[in-house]
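Let me begin by presenting the structure, written as structure tokens, before commenting on it.
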């Protein structure tokens, strides 16, 4: 399965072809799959836009489809809107494995993109609340934006009122446990703090629970800020919670936005910045990619070409002209990047009156020493701002050894008890 995954990883054939017709997007997707399965690659290519046909000529399609083996089954298809197109999402089972197929159909009924990737195995359900736990967990809903978000409140046993924390996710679609590979950092933190008498609310990120809410232009406030503010408001009105001691603990991108969330909420008593960037995301992206490409000591011509494409996308994102999302980093719209470029997390933190706790891992290759130094320069350590650096922890707060890499995220671990204890002690110390 390793070879199969390698062939599909990063396979993104995007653009926009397909003969105009009155067919529904599902019918178009079915027709494309039927045509590919019949081996008529020329007919499949005729369904593409000119750009798509150029990106995925018949010979390339033939090689790809053959590598998958015989098509054995099709799962249910669903349609979402993305960037003005109808996008069909459907699992396909082949002799060599199951893939997630994404087929974009433009307004003229042409196939604008075909994306095949190995289907991720569904994460194992989180372990149940331990029978001996001195807290309980119950489901809630955060009502915000275009629809509610499922949430879980870990509430210490007893009458309270309890100090409470809202956990805010990093980038990308994330579930309430912030599941990454076999790891669930938010579950670890929530249960670790609840066991020490601090209530914790964690929730499904909107891009994970409701991707249909992002069919057009949007910003980081639609993605993160507004829902976090609503989560704080929900906690403030929950029985057993002390509304004068509500805290936001933001991880990664969530940490970058935590001061913004606190300022907009007006109910937050303090913020925890966990693995939080201090610099622009568009500055960090090429750094992260270059680090990963250079782990073997050299950057290949293909890798350098990818870095050059990313640089061009970043320049377009930082410009002022109209540009399609597909030509921007991570396929996110220009409005998203241009709004985020105006966010200075250090300046936002400086403007806060509330206390701040900063947590940083020494093995974090995503948020690095340059960010740590900028936080230190911008926020003087003292009664209002406290800093903890953990030499052995990675971006997820999990201990490891040796050179940092993405492989760390696929090794099962747990958030460091030292980090959780530091957060608990800091929250309890606030007046």
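The values are calculated or read from the model by the stated rules, or taken from the named source; none is laboratory data. The structure displayed is predicted, hence computed values, not measured ones. Positions of Cβ are generated from backbone atoms using ideal geometry, with glycine treated the same way; all protein chains shown enter the neighbour counts.
What to note about this one:
- Annotation: residue 402 fulfils all but one of (1) at negative phi; (2) assigned to a loop (DSSP other than H, G, I, E, B); the unmet one is (1).
- Residue ranges of helices (runs of 4 or more DSSP H) in the stretch 1-65 with at least 1 members surrounded by 13 or more Cβ atoms within 10 Å (Cβ to Cβ) and modelled with pLDDT under 85: 2-8, 50-55
- Members of the stretch 156-180 found to be assigned to a loop (DSSP other than H, G, I, E, B) and either within 13 Å of the chain's Cα centre (by Cα) or buried (at least 21 other Cβ atoms within 10 Å of the Cβ) (or both), listed by number: 169, 170, 171, 172, 173, 174, 175, 176, 177, 178, 179
- Enumeration of residues in the stretch 410-429 that are in contact with a strand residue (DSSP E or B) (Cβ under 6 Å, 6 or more places away or on another chain) and surrounded by fewer than 18 Cβ atoms within 10 Å (Cβ to Cβ): 422
- Residue match in the stretch 216-228 (condition: surrounded by fewer than 17 Cβ atoms within 10 Å (Cβ to Cβ) and either at pLDDT below 95 or not assigned by TED's automatic domain parsing to the domain that holds residue 85 (or both)): yes
- Wholly within the stretch 251-318, helices (runs of 4 or more DSSP H) carrying at least 2 residues that are at pLDDT below 95 and surrounded by 15 or more Cβ atoms within 10 Å (Cβ to Cβ): 281-293, 301-317
- The stretch 348-365 residues that are farther than 18 Å from residue 382 by Cβ, paired with ones that are surrounded by fewer than 19 Cβ atoms within 10 Å (Cβ to Cβ) (beta carbon under 6 Å, 6 or more apart): 361/390; 362/391; 363/400; 365/291
- Taken over the stretch 94-146, the residue count meeting the criterion of being within 26 Å of residue 228 (Cα to Cα), part of a loop (DSSP other than H, G, I, E, B) and touching a helix residue (DSSP H, G or I) at 6+ places or on another chain (Cβ under 8 Å) is 6.
- Residue in the stretch 167-189 that is farther than 30 Å from residue 407 by Cβ and either outside the structural domain of residue 330 (by TED's automatic domain parsing) or modelled with pLDDT of 95 or more (or both) present: no
- Considering only residues in the stretch 76-97 that are at pLDDT 85 or above and more than 15 Å from residue 28 (Cα to Cα), the one that is surrounded by the most Cβ atoms within 10 Å (Cβ to Cβ) turns out to be 92.
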